[in-house]
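Below is one structure, written out as structure tokens, with a few remarks after it.
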Amino acid sequence: MQLLEQANAFYQKVKPDQNIFLSVQMRTIMNLIKMGQSEKAIEELQVLIKRFPEGALLHMTLGDAYRNMEDYKNALSAYEKATQLANPLDPQIASLYFYQGVCLELMGDLNGASEFFDKALKIDSENPIYLNYAGYTLLEQNKDIPRALSLIEKAVVKMPKDGNVLDSLGWAYYLM
């Protein structure tokens, strides 16, 4: 029902020794992020990380909160930690690579971003968001335009009405 504050108040009733404690804490944090309270979410995450330091999902969520605040350096660091802790066979690792690429791209490191987008695509080669980001980043570097066009065209097939993807396609045609 999107009653996030009420949900969080209810979640606070769950005690740390209950089996659902960590799950409820994560829901609380996600609600804080949705409510635009990323700083508070980060504080809560840091407390949880001290208690559960090996939690890859906690570090990933920390990266998301920092990215929401446009603190890409700390987001990148949190995503790197999550990647170190995650099972390399977990499909979620593609998202971690992707978000590391996004952070690098937003920090102006397009070469580094491309490397991470390629890592994400090696795991999930059909994800239209990964395809579009990878293609557009190549276009921004004026690098391997035919490959960029190919990636973006695959994204268009998956998301034919998405404005961002169509914009990338237009930019690729213009550069060609």
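The values are calculated or read from the model by the stated rules, or taken from the named source; none is laboratory data. None of these values were measured; they are calculated from a predicted model. Note that each Cβ is placed from the backbone with ideal geometry, even for glycine, and that neighbours are counted across all protein chains shown. Surface accessibility is based on the protein's heavy atoms, side chains included, excluding ligands, DNA and RNA. Shrake-Rupley method; radii C 1.70, N 1.55, O 1.52, S 1.80 Å.
Of the set (1) under 21 Å from GLU115 (Cβ atoms); (2) of a type in the set (D, E, K, R); (3) over 22 Å from the mean Cα position of the chain (by Cα); (4) surrounded by 15 or more Cβ atoms within 10 Å (Cβ to Cβ), all apply to LYS143 but (4).
This table checks each residue for (1) surrounded by fewer than 23 Cβ atoms within 10 Å (Cβ to Cβ); (2) closer than 30 Å to LEU57 by Cβ.
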| position | (1), (2) |
| --- | --- |
| TYR79 | no, yes |
| GLY112 | yes, yes |
| PHE117 | no, yes |
| GLU126 | yes, yes |
| ASP162 | yes, yes |
| TYR173 | yes, no |
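The requirement of being small (Gly, Ala, Ser) and either free of Cβ contacts under 8 Å to residues at least 24 places away in the same chain or open to solvent by 20 Å² or more (accessible area, probe 1.4 Å) (or both) is not satisfied by ALA65.
Close contacts from segment 18-45, counting a first residue that is under 17 Å from ASP71 (Cα atoms) and part of a helix (DSSP H, G or I) and a second that is open to solvent by 70 Å² or more (accessible area, probe 1.4 Å) and of a type in the set (Phe, Trp, Tyr), with Cβ to Cβ under 9 Å and a gap of 6+ residues or different chains, come to none at all. Of all residues in segment 146-164, those satisfying the criterion of being over 19 Å from LEU110 (Cβ atoms) and within 22 Å of the chain's Cα centre (by Cα) are LYS154, VAL156, LYS158, MET159, ASP162, GLY163.
Checking each residue in segment 82-99 for being open to solvent by 80 Å² or more (accessible area, probe 1.4 Å) and not polar (S, T, N, Q) picks out PRO88, LEU89, PRO91. For the condition assigned to a helix (DSSP H, G or I), aliphatic (A, V, I, L, M) and in contact with a His (Cβ under 8 Å, 6 or more places away or on another chain), ILE49 qualifies. Considering only residues in segment 13-45 that are under 16 Å from ALA78 (Cα atoms) and over 17 Å from the mean Cα position of the chain (by Cα), the one that is surrounded by the fewest Cβ atoms within 10 Å (Cβ to Cβ) turns out to be GLU39.
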